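The values are calculated or read from the model by the stated rules, or taken from the named source; none is laboratory data. Bear in mind the structure is a predicted one, so any value in this text is a computation, not a measurement. Cβ atoms come from the backbone with ideal geometry, glycine included; neighbour counts cover every protein chain shown. Side chains are part of the model used for accessible areas, which takes the heavy atoms of the whole protein and leaves out ligands, DNA and RNA. Shrake-Rupley method; radii C 1.70, N 1.55, O 1.52, S 1.80 Å.
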Amino acid sequence: MAEIITAALVKTLRDRTDAPMMECKKMLVKAEGDIELAIKMIREAGLAKAVKKADRVAAEGIVVVAHADNRAVLLEVNCETDFVAREEKFKGFSKKVADSVLKSGTDNLPALMDSVLEGATVEAQRLELVSQIGENISIRRLALFETQQGILGAYGHGGANGVRIGAMVELKGGDAALARDIAMQVAAMNPEYIDATEIPVARVESERAIFTKQTAEEGKAADKLPMIVEGKIKKWSKEITLLGQSFVKDPSVSIEALLKKSGAQILRFTRFEVGEGIEKKTDNFVEEVMAQARGA
């Protein structure tokens, strides 16, 4: 009976199994407070085993791109190996979760994990998949664009092995084809800002100092330094801003010119790349074998 399930009992079960708190409570309710039975049920469900994989680095995976009507979604789901990233169960789970975000409009990751999908929480289904596949799997991040009057574009770059880079944009003006082209540009060229006005002053000054030192070491005349450095700053700012970049489908045209021709304006964009920012463990197997041989 649920009323006998105390917080202390839930904590005890969690400490003994490492299973998620909500799953511990659920199993205790089913076991009517019998902690040994609850432990048995958790082990049978594979939850304890799944959780123990949680500290393993998951830097592979896919980015799911979903777009319909006035919403667009990017969802990064990670696993440990590219082999699992190609696995149909993994891809099916990822798409199902992304579609649920698109339908519900949930933009909060903890709320998504607690949401119920096909009779079970997303977190419970994730743990079940970990148990089945045998690798750590995590839903790392999501982004949701929702618009009332703007135009959304989304693009995913990848082949049979799944999308590894996803991007989406919101435009004011233009059309769906232009929005998709701009999303493709973001995926391919990875701009950091919309235009030069968004670049922090401190970053510009840091780059200016670097360019000044580099140019001086090249032996350029002192009176020419400021002009050369400002030229490098201008070139650099074009490379890292979306409006300043050349259009990937026609490098003779800038994104700024392309938008102006259509009377369109970029309101926002975002880009996900699988595993970016995750520190991957690198194994040196040759050194490992040699170290073992030396020890022997």
Using unit Cβ charges (K, R positive; D, E negative) and no other charged atoms, how large, in debye to the nearest 20, is the dipole of the chain about its Cα centre? 240
What nm distance separates the two modelled labels at Glu198 and Glu146, each placed 7 Å from Cα along Cα→Cβ? 2.2
Can you list the residues, at least 5 places off or on another chain, whose amide H is less than 5 Å from the amide H of Val163, using H built in the peptide plane? Val63
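Enter the accessible area per residue of the chain (Å², integer; probe 1.4 Å; all protein chains in place).
On a per-residue basis, the chain sits at 55 Å².
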How do 63-74, 213-224, 198-209 rank on mean C-beta neighbours within 10 Å, highest first? 63-74, 198-209, 213-224
Length-normalised contact order for the stretch 97-193 - Cα pairs under 8 Å, 6+ apart - percent: 19
List, in order, the whole-Hz ³J(HN,Hα) value for each residue of the stretch 112-120 obtained from phi through the Karplus relation with A = 6.51, B = -1.76, C = 1.60 and θ = phi - 60°; use x for Gly and Pro. 4, 5, 8, 6, 9, 9, 6, x, 8
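Just to verify a number: FRET efficiency for Ile278 and Arg86, C-beta to C-beta distance, R0 = 22 Å, to 0.05?
0.70
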Set of aspartates and glutamates with alpha-carbon distance to Lys213 below 17 Å, sequence-local pairs under 8 removed: Glu205, Asp223, Glu230
Among (i) 187; (ii) 122; (iii) 225, which is the computed volume of the Cα convex hull per residue in Å³? (iii)
In percent, what relative contact order does the chain have, based on Cα pairs under 8 Å that are 6 or more apart in sequence? 17
Convert each backbone phi in the stretch 56-72 into a coupling constant with the Karplus relation 6.51 cos²θ - 1.76 cosθ + 1.60 (shift: θ = phi - 60°), then list the ³J(HN,Hα) values in order as whole Hz, x for Gly and Pro. 7, 5, 10, 10, 9, x, 9, 10, 8, 10, 10, 8, 7, 6, 9, 10, 9
Between Lys235 and Ala7, what is the label-to-label distance in nm when each label sits 7 Å out along the Cα-to-Cβ direction? 6.2
Can you work out ³J(HN,Hα) from phi for every residue in the stretch 223-237, in order, using Karplus 6.51 cos²θ - 1.76 cosθ + 1.60 and θ = phi - 60°, giving whole Hz and x for Gly and Pro? 6, 9, 3, x, 5, 5, 5, 5, x, 5, 4, 5, 5, 4, 5
Quick check on the chain: helices-only [θ] at 222 nm, where DSSP H runs of length 4 and up contribute -39,500 (n - 2.57) each and the sum goes over total residues. Nearest 500, please. -14500 deg cm²/dmol
May I ask for the angle, rounded to the nearest 10°, between helix 21-30 and the longest principal axis of the chain, with both axes built from Cα atoms and the value confined to 0 to 90°? 30
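Output the pairs from Lys220/Lys261; Lys25/Lys96; Lys89/Lys238 with a Cα-Cα distance over 30 Å in this structure; if there are none, say none.
Listed pairs above 30 Å: Lys220/Lys261; Lys89/Lys238.
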Just going by the charge dipole of the stretch 144-250, with Lys and Arg at +1 and Asp and Glu at -1 on Cβ, which of Ala188, Pro226, His157 is farthest out on the positive end? Pro226
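Listed highest first by mean packing, meaning other Cβ atoms within 10 Å per residue, what order do 19-28, 226-235 come in?
19-28, 226-235
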